[in-house]
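**Student:** My structure is below; once you've seen it, I'll send some questions.
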Amino acid sequence: MFTLLFIMMLIAATVAWFLIQRLQDKPWLVQGVIESSQDQGKIFSSAPNVGLWGFLAVVTSVFLVFTGAYYMRMDSSHAGTSVGIDSGMLEAWMPVGEPLLLWFNTAVLIITSLCLEFAKRAVPNRQLHSLRNLLMAACVLTLVFVAGQIYAWQLVAPEVMTRSNAAYTFFVLLTAVHALHLVGGLFVLTRATARASKGIDLDNELARSAIGQTIRLCATYWHYLLLVWAGLFALLLTS
């Protein structure tokens, strides 16, 4: 328990450190296309990066609060059971079995993250065809992951249909909040995919910069949510 909490606190501290570094650099004051030895075509302002890291810092705090509440509820229930309080305000904590589907969903999210990483690299290489395919694959795989998480609720539900179970409630809550963050990011990713499908002149520096930054932000967001899901999955497996 304490090890997992330490890991979550370390993640929060890392995100906060990156945010502080970005604020010290004052990237919102930088304008004009930034040259790069690798010709990555960074767009006129990196202010969106600050916004993303700020948002990720908030999201990290939200999941840390949920994790703390998860352990507090579980410990309270166990304490109540140990003194014979099972039919009172707190019912006994019945661990929810993790269906094998969650392992499949984890693999899907890893592949999605890899697709966005390769898409990010396809932009400076001017590989429009690969960019389109990778972005479409990322969108489809994200939907598969979300659908898989919802189906996992149904697989677990029969185990707890006979009585209320806080463990199942937290299972749904944690996976649902994580899935909602993915759906929110999917809106931006879908727009980028639509732009790539209509055709983008990757030889044009401004066009390449615009799509490049969007994909970099999406890749960072998906990598982060993959890390969050790894933490949540470990939490569910060990409790």
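**Student:** Out of G184, G231, which single residue is open to solvent by 40 Å² or more (accessible area, probe 1.4 Å), part of a helix (DSSP H, G or I) and farther than 17 Å from R132 by Cα?
**Tutor:** Selected residue: G184, the only one of G184, G231 that is open to solvent by 40 Å² or more (accessible area, probe 1.4 Å), part of a helix (DSSP H, G or I) and farther than 17 Å from R132 by Cα.
**Student:** Next question, about the same structure. Could you check, for segment 141-162, whether at least one of its residues is part of a loop (DSSP other than H, G, I, E, B) and closer than 30 Å to S76 by Cα?
**Tutor:** Scanning segment 141-162 turns up at least one residue that is part of a loop (DSSP other than H, G, I, E, B) and closer than 30 Å to S76 by Cα.
The values are calculated or read from the model by the stated rules, or taken from the named source; none is laboratory data. This one's a predicted model, so the numbers in the text were calculated from it and none came from an experiment. Just the protein is used for accessible areas: all its heavy atoms, side chains included, with ligands, DNA and RNA removed. Shrake-Rupley method; radii C 1.70, N 1.55, O 1.52, S 1.80 Å.
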